Every structure is written in C-alpha cells, then in structure tokens.
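Here is the structure we will look at, set down as structure tokens.
The values are calculated or read from the model by the stated rules, or taken from the named source; none is laboratory data. Worth saying up front: this structure is predicted, and the values here are computed from it rather than measured. Cβ atoms come from the backbone with ideal geometry, glycine included; neighbour counts cover every protein chain shown.
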Amino acid sequence: MKVLGIESSCDETGVAVYDTALPGVAGLRAHAVYSQVALHAEYGGVVPELASRDHVRKLLPLVRQTLAEAGMGVGDLDGVAYTAGPGLVGALLVGAGVARSLAWALDLPAIGVHHMEGHLLAPLMEDPDPVHGTPEPPFVALLVSGGHTQLVAVDGIGRYRLLGETLDDAAGEAFDKTAKLMGLPYPGGPQLAALAEQGTPGAYRFSRPMTDRPGLDFSFSGLKTQVLLAWQQSDRSPQTKADIARGFEDAVVETLAIKCGRALDAAGCDVIVVSGGVGANRRLRARLQEMAAARGGRACFPRPSLCTDNGAMIAFAGALRLQAGQHDDAAVHVTPRWDMASLPPVAA
Ligand code: KG4
Ligand code: ZN
C-alpha cells in the first residue's frame, strides 16, 4: 500500500510517500521537509497565522516534488494520511484540507493521524536491528519535542497509556528558552547542544528537577531560571557560555534518563523507544543507550532527521491504520488538543 503523508501541525511542512510492500526504511520512497524556521526567527517563536499561510504556499509544490522523487503520480497512491492534531488549528487545517481534497478527488481512503503517534512509531520505520529486530510492544516510549515531554507505555500499536508528562515546559521548549536567554537565535535547541560540545562537564551543575521524589512527571521551567542566574553572574566569555550550555544539557539528559529507567521499571520492560526533536540530541541518545544496556535492554531511535517533524512518520503511522481498514469520513476535521490514550487500537 502506497500512502502519501502530510505533516503541517506547526512550523514544518512535511510530505512523504511510504510503501508498505518494502521492508523498513526502504518503504520510504521519498520525503521532503520545508522548515519555516527562518520565517519565524525574527519573532523569536512560531507565529500561527504566518505558519498557516506558509503551509498554503509550500504544501502543493512539496507534494508534487515528493511524488516526482518517488517516481510516482497521484494515480499510484492507495491512501492519504495527514496530521489531524495536536497542533496549531490553522496549520493543521491546511494539511487536512489538501489531504482530504486529494483523497476525495482520487477516491482514496484517508486518515487523520495523531502527531505524537507519528513520532512514537517513527523508530519502527527504521531497518530492524540485526540481533534484536524491530522493537515490538510492549515497550516504553519517550516523546520529547518542542511541545511535549511524555513517557508512554505502549501495550500495542494504538494502545497507549500515559505514564508521566511535563507539568510546565517541554524539554525542547526548555532548550529553546535557555538558548534564547543566552542570546542564541530561535530555535536554539540544536545550537545550544552544539555549544555544549565545547563545554567542560561539571563546570556548572544544575538540578535534576523532580528526581528526588517518586513519580514520572517532569518540570523543566525552573532550570531556565537557574541558567539565567548563572549567566547573569558569569563573565559571559565564550567558554563560560559553553560550560553553562553543557551544565544545562547534562541536567536535562540526566533527568530524562532517570525517569526513563523508572518508567521501564513501572512498565516491566527493557526496551525504550525515543522520538521527537530532542531525540536528535547526541548526548541524550548516548545516555539512554547506556542506561538501557546497563539493565540488559536497548534504546531505539529514528535517525535524527526523522526525530524532528516530518511527513514520513505520518505516512508510516497512517499506513499502519489504513492497512488495518481504518479511515475517517470525508469531513475536514482537526483536533488541536488530542489525548493519545483515546486512539483506537490497531489489530495486529
Ligand atoms: O518534534 P519537533 O521537530 O517539533 C515539535 O513537534 O515540537 O521538535 C522540535 C524541538 C525544538 O524545541 C528543538 O529545539 C528541539 O526539538 N531540538 C533539539 C535538538 N534538535 C531539535 N533539542 C536539543 N538537541 C538537539 N540536537
Ligand atoms: Zn513534533
């Protein structure tokens, strides 16, 4: 089954074609992402109306480009998947409108995909590990993006239980806000991570929030205040900046690793899959591999380019549901706030 995937929930326009007849990442016949980062940079964050308008401009050319790269025409498609939520309502409606219209014109089944389920399933799109194969439920998922930080028990595809989440800032948001207060341009997460590479470990030590008490929830908003104080009181030299960045990154990574270990204990399994933009972070990847290996398990990630928002994960997640016979009616309907636990299961 060849499925067109469309992602437009925030500031990336993503389009992909996933072919379920081919194994693993070979099924990804083509994918393209257009990032609006430059458009929003001067405002220091995403401006929803500008995001919607840019999706309008970019989506159809990107669909044409992706189909051309896949060597396919619209007539070759068997289904359409699009992000139906959570996200910015205007931005979601652009993707849903285009996807629904295409599906209606081509008489194809279409399905609205939960953005976080797309992230969650992205690691399963990768080629199987030569020894352990593709991760199969039950496992625990850590979803760490600009808008979410969640630990989810995955009992099956479509069977999700929230184990813990952030009570304030998401991990990516904490990276971006901390980067901003040290003068790095939006979105500062990746730049802060790059700066941390030059930093001296241990030169600055920030707290590991909420790890001193039981529970699987997170709180990252206090960290940026700690960083702000350290930054204001420092000499602000390039080395100090890198040292503070390293101290911040270590605090976030260690906090996530501690809670992931606890979540594996709570769920009674040893496999953690990680996705969302912060899943691209090199030190987080290394630390979680180490944590999982130490308990005889493993940590699975998509390649960094499939951690951040993309159409491939939507095509893949949509294909799994369409293959199971699920699809939605023809209404253009989006769900800006959407609980993943309310999704229907996908029969094996
Ligand atoms: O999943 P994503 O592309 O979009 C959302 O759905 O939010 O995640 C974007 C977030 C941003 O906050 C960005 O700064 C962060 O992921 N991010 C990183 C890295 N790459 C992206 N944070 C830390 N280290 C990175 N290497
Ligand atoms: Zn995302």
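Computed quantities for the displayed model
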{"item": "Which numbered condition Gly276 misses (of (1) more than 12 Å from ligand 2 (Cβ to nearest atom); (2) under 20 Å from Leu92 (Cβ atoms))", "result": "(1)"}
{"item": "Cβ-Cβ under 6 Å pairs, at least 6 apart or on other chains, segment 265-276 side over 13 Å from Gly296 (Cα atoms), far side within 16 Å of ligand 1 (Cβ to nearest atom) and hydroxyl-bearing (Ser, Thr, Tyr)", "result": "Gly276/Ser145"}
{"item": "Condition check for Ile244: of a type in the set (Val, Ile, Thr), more than 21 Å from Ala194 (Cβ to Cβ) and buried (at least 18 other Cβ atoms within 10 Å of the Cβ)", "result": "no"}
{"item": "Criterion violated by Arg321 - all others in (1) touching a helix residue (DSSP H, G or I) at 6+ places or on another chain (Cβ under 8 Å); (2) surrounded by 23 or more Cβ atoms within 10 Å (Cβ to Cβ) satisfied", "result": "(1)"}
{"item": "Residues (of a type outside the set (Lys, Arg), farther than 12 Å from Gly118 by Cβ and either crowded, with 24+ Cβ neighbours inside 10 Å or within 14 Å of ligand 1 (Cβ to nearest atom) (or both)) located in segment 293-309", "result": "Ala299, Phe301, Pro304, Ser305"}
{"item": "Any strands (runs of 3 or more DSSP E) falling wholly within segment 1-86 and containing at least 3 residues that are within 16 Å of ligand 2 (Cβ to nearest atom) and touching a residue at least 60 places away in the same chain (Cβ under 8 Å)", "result": "2-7, 12-19, 79-85"}
{"item": "Failed item in (1) in contact (Cβ under 8 Å) with a residue 60 or more places away in the chain; (2) near ligand 1 (Cβ under 10 Å from one of its atoms); (3) under 25 Å from Leu151 (Cα atoms), with Gly188 passing the rest", "result": "(1)"}
{"item": "Selected residue (criterion: nearest to Ala196 (Cα to Cα)) from residues of segment 222-241 that are in contact with a helix residue (DSSP H, G or I) (Cβ under 7 Å, 6 or more places away or on another chain) and touching a residue at least 24 places away in the same chain (Cβ under 8 Å)", "result": "Lys241"}
{"item": "Single residue of Ala341, Ala312 found to be touching a residue at least 40 places away in the same chain (Cβ under 8 Å) and surrounded by fewer than 17 Cβ atoms within 10 Å (Cβ to Cβ)", "result": "Ala341"}
{"item": "Among (1) part of a helix (DSSP H, G or I); (2) more than 16 Å from ligand 1 (Cβ to nearest atom); (3) touching a residue at least 12 places away in the same chain (Cβ under 8 Å), the one test that Ala317 misses", "result": "(2)"}
{"item": "Lone unmet requirement of (1) over 21 Å from Gly27 (Cβ atoms); (2) in contact with a His (Cβ under 9 Å, 6 or more places away or on another chain); (3) more than 16 Å from ligand 2 (Cβ to nearest atom) for Ser145", "result": "(3)"}
{"item": "Selection within segment 118-168 - acidic (Asp, Glu), under 17 Å from the mean Cα position of the chain (by Cα) and within 16 Å of ligand 1 (Cβ to nearest atom)", "result": "Glu165"}
{"item": "Cβ pairs under 6 Å, 6+ apart, first in segment 134-162 and basic (Lys, Arg), second modelled with pLDDT of 95 or more and not in a loop (DSSP other than H, G, I, E, B)", "result": "Arg161/Ala153"}
{"item": "Some residue of segment 271-293 being at pLDDT 95 or above and in a loop (DSSP other than H, G, I, E, B)", "result": "yes"}
{"item": "Some residue of segment 300-320 being in contact with a Gly (Cβ under 8 Å, 6 or more places away or on another chain), under 23 Å from Val94 (Cα atoms) and either more than 16 Å from ligand 2 (Cβ to nearest atom) or charged (D, E, K, R) (or both)", "result": "yes"}
{"item": "Where Glu173 falls short, out of the listed (1) within 16 Å of ligand 1 (Cβ to nearest atom); (2) more than 16 Å from the chain's Cα centre (by Cα)", "result": "(2)"}
